[in-house]
Amino acid sequence: MAGHLQNGIIEGIDFSETMVDVAQRKNKKYIDKGKVKIRLGDFNDMPFDDDCFDKIYSVNTIYFWKNPKAGIARIHDILKPGGKLVLGFHDKEQMDKMSLNEDVFRYYSTRDVADLLSNDGLLNKVDIISRKGKQNALHCAVGIK
Ligand SMILES: C[S@@+](CC[C@H](N)C(=O)[O-])C[C@H]1O[C@@H](n2cnc3c(N)ncnc32)[C@H](O)[C@@H]1O
């Protein structure tokens, strides 16, 4: 993504030191140019100003959200008006086959995620876009503030 960026900056956040190290190493060239910033932190705190992002995306993370409704509400706050949220995820049917620890992972159907984004009229034009891979499908929920 950083290679396609014409202007602006990409910010990333993860609370795993290992993942932050990996991401910082992979993006060093862009970090040095000031195009990418990666911080160690908890997404639930979202230490960002309101109305500051054009786009927010997150892939395979919704399963870990402690309070999904509050998470979407906070994303809404930090998106600019007209900004876009893209959430990539595998649905409940696929997650059920993976034998994961259900105390850690929370499963969602595509309907659940679409409802979450449009809950209380928070995001508009909510769409689910699905692409089939060899083994399973990845869904993207897209919503506009
Ligand atoms: C399953 S990985 C997904 C990584 C990558 N997006 C992918 O699809 O391959 C989930 C990542 O989210 C991070 N994560 C989970 N909960 C988080 C939170 N509350 N705040 C910040 N990072 C979190 C984990 O540390 C992990 O790196």
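Just so it is clear, none of the values below were taken in a lab; they were calculated from the coordinates. Not measured: the values here are computed from a predicted model. Cβ atoms come from the backbone with ideal geometry, glycine included; neighbour counts cover every protein chain shown.
A few comments on the model shown:
- Net charge of neighbours whose Cβ lies under 13 Å from the Cβ of residue 110, counting Lys and Arg as +1 and Asp and Glu as -1: -2
- Taking Cβ atoms as reference points and 15 Å as the exclusive limit, the residues near residue 8 contribute a net charge of +2, counting Lys and Arg as +1 and Asp and Glu as -1.
- For the peptides 43-50, 122-129, the ranking by mean Cβ contacts within 10 Å, running from highest to lowest, is 122-129, 43-50.
- Helical mean residue ellipticity (222 nm; -39500 (n - 2.57) per DSSP H run of 4+; nearest 500) of the chain: -7500 deg cm²/dmol
- Here the Karplus relation 6.51 cos²θ - 1.76 cosθ + 1.60, evaluated at θ = phi - 60°, turns the backbone of the range 4-14 into coupling constants of 8, 6, 7, 8, x, 9, 9, 10, x, 9, 8 Hz, with x for every Gly and Pro.
- Restricting attention to the chain, close to 55% of DSSP beta bridges with both partner residues there are antiparallel.
- Relative protection proxy for 62-68, 12-18, from highest mean packing down: 62-68, 12-18 (other beta-carbon atoms within 10 angstrom).
- Rg/Rh ratio calculated on Cα atoms of the chain (Kirkwood radius): 0.96
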